Amino acid sequence: MTHAAGARRAARAGHAARVSRAARASRAEAASKRFDRDYYRRYYFDPRTAVGSPRESWARARLIAAFLEHFGVPVRTVLDAGCGVGQLRATLQRHLRRMTYVGLEASEYLCRRYGWTLGRIEDYRSATPFDLVICYDVLQYLDDRTAARALANLARLGRAVLYFSALTQADWRDNCDRRRTDPNVHMRPAEWYRVRLRRRFREIGAGFWIRRGAPLIVWELERGGADARASA
Ligand SMILES: C[S@@+](CC[C@H](N)C(=O)[O-])C[C@H]1O[C@@H](n2cnc3c(N)ncnc32)[C@H](O)[C@@H]1O
């Protein structure tokens, strides 16, 4: 390689890095504006407009804890990726007494208010993978490219169990209460998520995925989705 070609390549790489840093910074700024006090007041704190209830979160946290207990997964570390106001935390802590909980959030407002870790699911790195990763009702806020990166990163961040859901096109059509659900999101078919998750996880059902290679015994009839069909 000549010096000139090397210099051009270095300049191109430097430019690409600057563009991707700028894109990250602008996504972070947009998230901080969107996920502000008013957003959480509307979708979480005001019972007239809230999308879920404390009872639903309590039941969800109990389901997660029961799943882990049933499959004998020892849980010390939990990453709640896009944890919002942290509705699962207290109940999880009651059941998983030794857990260390990391709430990762793109909202500066929530990080100031609750002390969560400020960061983005698609970029976040951890020296050691977490025993349980939760990502609930978040990825519909990300465009296709960023959501695909986030899914790949969830596989990097988790060691054993992923609990995952996102609003899909069919949910919008058939399942959700449209008056209480944020419509300004990227609604995709469920299969879009499944295809990507299956690369690294086995689907169990009810939102649970087990990392391929994790030493957990799953009885054949406990498996759901394509994994169940594959074993037929
Ligand atoms: C609908 S709320 C869901 C919160 C929580 N998981 C729950 O179930 O209550 C979506 C949350 O995702 C966060 N979020 C959006 N994009 C994110 C990203 N790229 N990385 C981390 N958090 C993100 C928002 O700040 C918001 O609090």
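Here, each number is a calculation from the coordinates, and none is a lab measurement. The model shown is predicted, which means the values in this text are computed figures rather than measured ones. Because the Cβ atoms are built from the backbone with ideal geometry, glycine has one as well, and the counts that use them run over all protein chains shown.
Distance from the Cα centre of segment 133-151 to that of segment 167-232, in angstrom? What the calculation gives is 13 Å, centre to centre. In loop segments of segment 197-230 as defined by DSSP, the chymotrypsin sites (Phe, Trp or Tyr not before Pro) with at most 11 further C-beta atoms inside 10 Å of their C-beta are W219.
Only helical runs count toward this figure. For the chain, summing -39,500 (n - 2.57) over DSSP H runs of n ≥ 4 and dividing by all residues gives -12500 deg cm²/dmol at 222 nm. Taking trypsin sites (Lys or Arg not before Pro) in DSSP loop states with no more than 10 other Cβ atoms inside 10 Å as exposed sites, the chain has its longest site-free stretch at 126-177.
Here the simple spin-label model places points 7 Å from the Cα toward Cβ, and for A23 and N184 these points are separated by 2.2 nm.
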